[in-house]
Amino acid sequence: MSVPVLRNRQARQLFLNQHLLASRPSGSGKGADLKSVIDDLGFVQVDSVNTFARAHDLILWSRRQQYRPKALQHLLARDRQVFEHWTHDASVIPIESFAHWRLRFQRDAARMENRWRDGRRGDFMTKIDGVLRRIADHGHCTSGQVGEDEERGSGGWWDWHPSKTALEYLWRSGQVSVVRRDGFTKVYDLTERVIPPEHLNRRHTTEDTIDWCCTAALDRLGFATSGELMAFWDHLTPAEAKAWCATALAEGRIIEVDVEGGDGKLRRSFARPDIMDREIPVPVPRARILSPFDPALRDRKRAERLFCFHYRIEIFVPEAKRKYGYYVFPVIEGDQLIGRIDMKRENGVLAVRAFWPEKGVRMGSGRVRALQTELERAAAFGGCEGVQYAVGWLSGAG
């Protein structure tokens, strides 16, 4: 029996539709509408870099341009519709997923107990009870409010004092939860005070969680290898993901497909049995500015295979060696990643330094105007008075 082939344009359009980048970014961007976006994506990565807007805010704005940052804080701190924890990085996650994080809690606790017994953090396990007692007796706290009598290092994760490490351990192992953020500082409380009882008290077997992880990842990716399913939530081992694929394939819950990359090469993947029969919407032809941490770009290798778009963040690259800039934003139009833009909030305006189109992308007057319109929207979202363009900002488009 031949394996069906998902052609590159179909694959791109399906992938973007799964990531809510095919339709217009309309909707209220708050309450139930915002929660539905996070449900559909599975999680939204949280990041502190704020040259224009923080990653989580830009991810949500790209899909709901009426969104404003307070709406996410309301979902987390007031409505308890999401919780904050770890996927491949710190993320905001639908509250319905909490019970499946218990496997992650167990595995993270074991990893930390084995790996964090070094240097300044070496005695952090002796601080666990004290930190828990402090929160139980005095209420929520930040990492700066524990271990006041301990020597403080530089603040980097490698130099945490023992009580700060203990608090991180308690969060990663599920014993405390993020109740809110003050600015970008996490505020913690006992998990039983944060997570609603119907989610706090639910339990799943390891097998159920493995099945949920793989099924939920596949439904959000559209098609995937076992490695991509494993990496989506970052809960599972390679062996667990491979075993799930083998079982689901034998049971007819998934099929094999060959997915065509942007270079024409085929990659064997798994998908739902109806993959070839779906009506896939053509993405609307508008320019959108994406976060470097957008879910559609998180897996850099996958994005490069599908869109022939090579992207790396150059924050840690010395300035003289950067090809583009400190923090450059990808730009998508329809089903094509058309380039990247260097911009930042500066002196009350959105300062645009340069735009680099991808090879073969022509920057005619219509496309330039569409990009400028999106930049004007972005400026309004970022609280800027307007857009200021550097001389020659389009020189790379020549």
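Residues in the range 326-365 near a label at VAL391, defined as backbone nitrogen under 17 Å from the 7 Å Cα→Cβ point? Only 352-355 pass the distance filter. Over all other residues within a Cβ to Cβ distance under 13 Å of ALA241, the charged ones net out to -3, with Lys and Arg as +1 and Asp and Glu as -1.
The accessible-area ordering, largest first, of the residues LYS35, LYS323, LYS30, LYS164 stands as LYS323, LYS30, LYS164, LYS35, per a 1.4 angstrom probe.
In this structure the amide hydrogen of VAL387, modeled in the peptide plane, comes within under 5 Å of the amide hydrogens of LEU350, none closer than 5 places in sequence on its chain.
Go ahead and run the numbers for FRET between LEU200 and ASP274, Cβ-Cβ distance against an R0 of 35 Å, rounding to 0.05. Once rounded, the FRET efficiency stands at 0.50.
With every protein chain in place and a 1.4 angstrom probe, the accessible-area ranking of ASP89, ASP263, ASP274, largest first, reads ASP263, ASP274, ASP89. Heavy-atom surface analysis with a 1.4 Å probe gives the range 337-398 a carbon and sulfur content of 45 percent of its accessible area. Of the listed residues CYS245, CYS308, the order by accessible area with a 1.4 Å probe, largest first, is CYS308, CYS245.
Which residues in the range 275-305 have a backbone N closer than 18 Å to a point placed 7 Å from the Cα of THR373 along the Cα-to-Cβ line? The answer is 283-290. Ligands, DNA and RNA are left out, and with a 1.4 angstrom probe the accessible area of the chain is 46 Å² per residue.
The trypsin sites (Lys or Arg not before Pro) found in the range 347-392 that occupy coil by DSSP, while having at most 14 further C-beta atoms within 10 Å, are LYS359, ARG362.
The region of the chain that goes longest without hitting one of the chymotrypsin sites (Phe, Trp or Tyr not before Pro) in a DSSP loop, each with at most 12 other Cβ atoms within 10 Å, is 1-183. Under 5 Å between amide hydrogens, built in the peptide plane, is the criterion, and for PHE270 it picks out ALA224, THR225, VAL257 among residues at least 5 positions away or on other chains. The solvent-accessible area of MET363, taken with every protein chain present and a 1.4 Å probe, is close to 40 Å². Placing +1 on each Lys and Arg Cβ and -1 on each Asp and Glu Cβ, with no other charges, gives the range 188-271 a dipole about its Cα centre of roughly 60 debye. If you run the Gaussian network model on the chain, springs between alpha carbon atoms under 10 Å, then out of GLY31, GLY222, GLY360 the most flexible one is GLY360.
Modelled spin-label separation between THR237 and ASN50, with each label point placed 7 Å from Cα along the Cα-to-Cβ direction: 4.1 nm. Please report the spacing between the Cα centers of the range 56-127 and the range 177-213 in Å, no decimals. So the two Cα centres are separated by 8 Å. Listed values for the range 276-292 are Karplus-derived 3J(HN,Hα) couplings in whole Hz (6.51 cos²θ - 1.76 cosθ + 1.60, θ = phi - 60°), namely 7, 9, 6, 8, 9, x, 7, x, 5, x, 10, 7, 9, 8, 10, 6, x, and x replaces Gly and Pro.
With contacts taken as Cα pairs under 8 Å and at least 6 residues apart, the chain reaches a relative contact order of 17 percent. Residue by residue, the range 50-65 carries 3J(HN,Hα) couplings of 9, 5, 10, 8, 5, 3, 4, 5, 5, 4, 6, 5, 4, 10, 9, 6 Hz when phi is fed to the Karplus relation 6.51 cos²θ - 1.76 cosθ + 1.60 (θ = phi - 60°); x denotes Gly or Pro. With n ≥ 4 as the cut-off for DSSP H runs, can you work out [θ] at 222 nm for the chain, using -39500 (n - 2.57) per run divided by the number of residues, rounded to the nearest 500? One gets -10500 deg cm²/dmol as the mean residue ellipticity at 222 nm. For the chain, modelled as a GNM whose springs connect Cα atoms under 10 angstrom apart, the maximal fluctuation among GLY264, GLY174, GLY42 occurs at GLY264.
Put a dot 7 Å past the Cα of ARG312, heading toward its Cβ, do the same for ARG115, and the two dots end up 2.2 nm apart. Beta bridges assigned by DSSP with both partners in the range 272-398 are antiparallel in approximately 85 percent of cases. Let a ≥ b ≥ c be the square roots of the eigenvalues of the Cα gyration tensor of the chain; is it rounded (a/c under 1.5), or, if not, prolate (a/b larger than b/c) or oblate? Oblate shape, in that a/c is at least 1.5 and b/c is the bigger or equal ratio. Surface calculation, 1.4 Å probe, protein heavy atoms: THR215 sits at approximately 30 Å² accessible. Local charge for VAL37 was computed over the other residues whose Cβ lies under 9 Å away, with Lys and Arg +1 and Asp and Glu -1, and equals 0. Computed from backbone phi, the HN-Hα couplings of the range 335-352 come to 10, 10, 7, 9, x, 9, 10, 9, 8, 7, 7, 8, 6, x, 10, 8, 8, 9 Hz, rounded to whole numbers (Karplus: 6.51 cos²θ - 1.76 cosθ + 1.60, θ = phi - 60°; Gly and Pro given as x).
The values are calculated or read from the model by the stated rules, or taken from the named source; none is laboratory data. Values in this document were obtained by computation on a predicted structure and should not be read as measured data. Because the Cβ atoms are built from the backbone with ideal geometry, glycine has one as well, and the counts that use them run over all protein chains shown. For accessibility, only protein heavy atoms count, side chains too; no ligands or nucleic acids. Shrake-Rupley method; radii C 1.70, N 1.55, O 1.52, S 1.80 Å.
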